[in-house]
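Worksheet: the structure to be examined is printed underneath.
The values are calculated or read from the model by the stated rules, or taken from the named source; none is laboratory data. From a predicted model like this one, the values you see are computed outputs, not experimental measurements. Neighbour counts run over all protein chains shown; Cβ positions are idealised from the backbone, glycine included. Heavy atoms of the whole protein, side chains included, go into the accessibility calculation; ligands, DNA and RNA do not. Shrake-Rupley method; radii C 1.70, N 1.55, O 1.52, S 1.80 Å.
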Amino acid sequence: MVSEIVKRILVGVIATFIFCVALAIFAYTPVSNREPNTAYTSLTGLFIIYAIYSGPVFIIAGVIWSFVIDKISVKHENYSRGKKYLSKSLCYILAGIVSTLIFLFIITTGDISYNSDTFVILAVGIIASLLYYHLHLIGQYLASHS
């Protein structure tokens, strides 16, 4: 059980790294495109900011949700590989939405405004949860083939 928790925490750390690098690259403004007399954050600075916020979510929520989803999916052991993958993917999508809404609730102190930005953030939460799920699958595959 402890080794399973450690594996899932490691997946959360790796997912945080990949996710934050991708977000930082996406949000970074190269020096050649910067406006004069305007403050910009470095690539490393963006990575650190994203990691501070998303790291705990990946590690805490990712580990908890992965255990919950594995417990739920035990009922579907007789499903084909495709059906298992689809049902777990849908569960991780739902987990990403719920986790993102909880995160938004916390950082906005309960004053979530439902606009286009909120839906973009929800989409990013879904992508993050699917990233965690696929890294978890890769980890399971590597563990079973070593």
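With F19, F47, F26 as the choices, which residue is aromatic (F, W, Y) and in contact with a Ser or Thr (Cβ under 7 Å, 6 or more places away or on another chain)? Full working, then the answer.
On the way: F47 fails: in contact with a Ser or Thr (Cβ under 7 Å, 6 or more places away or on another chain); F26 fails: in contact with a Ser or Thr (Cβ under 7 Å, 6 or more places away or on another chain).
Answer to the selection: F19.
Restricting to helices (runs of 4 or more DSSP H) lying wholly in region 1-120: which have 3 or more residues that are open to solvent by 70 Å² or more (accessible area, probe 1.4 Å) and in contact with a Gly (Cβ under 7 Å, 6 or more places away or on another chain)? Even if it seems obvious, please write down each step before you answer.
On the way: elements: 2-27, 43-56, 62-73, 81-107.
Correct list: empty, since no element meets the threshold.
Within the set Y132, Y141, the sole residue that is in contact with a helix residue (DSSP H, G or I) (Cβ under 8 Å, 6 or more places away or on another chain) and either open to solvent by less than 50 Å² (accessible area, probe 1.4 Å) or part of a helix (DSSP H, G or I) (or both) turns out to be Y132.
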